[in-house]
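The block underneath contains the structure these notes are about, expressed in structure tokens.
The values are calculated or read from the model by the stated rules, or taken from the named source; none is laboratory data. Values in this document were obtained by computation on a predicted structure and should not be read as measured data. Methodologically, a virtual Cβ is constructed for each residue, glycine included, from the backbone with ideal geometry; neighbour enumeration extends over all protein chains shown. Ligands, DNA and RNA are stripped out before the accessible areas are found, and what is left, the full protein with its side chains, is counted by its heavy atoms. Shrake-Rupley method; radii C 1.70, N 1.55, O 1.52, S 1.80 Å.
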Amino acid sequence: MNYMKLIPVETPQDFLVAQQFIASYEETCVSLASLVRRKSENLLFIKNENQIAGILNLDSTIYHCIPNINLIDSFAFLENLLGFLKKPVRCISGETAATNFLISVFKQKNFAACKERKDQTANYPAQIYPYRMMRWADKCSSALPCASLQPIMQLSGGEEIIRCTEHDLEILHSLQKDYMKDEVAVPGRTVTHTEVDITLRQILKNQLCLAFTVDGEIVAKANTNAIGIKCVQIGGVYTHPLYRRNGYAGALVQTLCNRARKAGKMPVLFVKEKNTPAFSLYQKLGFEECGRYTIAYY
């Protein structure tokens, strides 16, 4: 008999247990850790009898922490999952092995409906992006303040790093749209002005967003994507093509790292596998590769 169940995370004790479980794996799932910290209502334990085998945030975007997929019975998992799905899944985001497992589960879920429509391609994500996960190489104790990095570049006259607010939404719009087109959008799918503004508002309201200005013009941006329990995930790094190779992106990421370290949190990020220049930059800034990450868009 299979005892695997999906159990809602609801009580204060549940959230404490969820934090304790995720602590050893947080570098691979900061977005999920952020939702645990904020007590999201969409969190589920994956339990084998009384043992926790993983945690899911079951929403239009599924974030997950499943350290060992071999402990999960895919049939029992799917059987339980169907009772909790309330909306279409648009994205699965997380460590590669578990993301691939969830993709295979959703192929099973969709198969009957796809067969009736004679649409076999609907079983598959529209786009799958592979990434390298990277963490800060200097694992300083969260209980102690961390020294700031030495500056990667010296600012010259007319150059400045600023913290962006909701008042900067309009002037950040173009950079954010280009970033989303290059790094996020599914090929063939248009990024709308509304999507860009919604994303930017969420970043400017809930995250730390920095911009590099030259003579008052914003030419590069970077922000935190998620603030977890002991880690901070950095993302949204983008420089206008005319201003690249000047060190602006590195200066922004370095500043975000310094702020994270002063807050006692570990900076982490992920970079597309084929983006060798960005990978080399992050290595120079003190990051090391720590795994593989996959985002699947439906």
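Annotations
- Segment 80-102, subset buried (at least 18 other Cβ atoms within 10 Å of the Cβ) and touching a helix residue (DSSP H, G or I) at 6+ places or on another chain (Cβ under 6 Å), residue nearest to G228 (Cα to Cα): E95
Residues are listed down the side, and each one gets a yes or a no for (1) over 16 Å from D59 (Cβ atoms); (2) surrounded by 12 or more Cβ atoms within 10 Å (Cβ to Cβ); (3) touching a Phe, Trp or Tyr at 6+ places or on another chain (Cβ under 8 Å); (4) at pLDDT 95 or above:
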{"residue": "M1", "(1), (2), (3), (4)": "yes, no, no, no"}
{"residue": "M4", "(1), (2), (3), (4)": "yes, yes, yes, no"}
{"residue": "C29", "(1), (2), (3), (4)": "no, yes, yes, yes"}
{"residue": "V36", "(1), (2), (3), (4)": "no, yes, yes, yes"}
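- When residues of segment 48-62 are limited to those that are farther than 22 Å from P88 by Cα and modelled with pLDDT of 95 or more, the one most open to solvent (accessible area, probe 1.4 Å): I52
- In summary, F77 fulfils each of the numbered conditions (1) at pLDDT 95 or above; (2) buried (at least 19 other Cβ atoms within 10 Å of the Cβ) with the single exception of condition (1).
- Criterion violated by L149 - all others in (1) modelled with pLDDT under 95; (2) under 25 Å from Y63 (Cα atoms) satisfied: (2)
- Failed item, numbered, when V89 is tested on (1) out of contact with any strand residue (DSSP E or B) (no Cβ under 8 Å at 6 or more places or on another chain); (2) at pLDDT below 95; (3) among the β-branched types (V, I, T): (1)
- Flag if N70 is free of Cβ contacts under 8 Å to residues at least 24 places away in the same chain and open to solvent by 20 Å² or more (accessible area, probe 1.4 Å): yes
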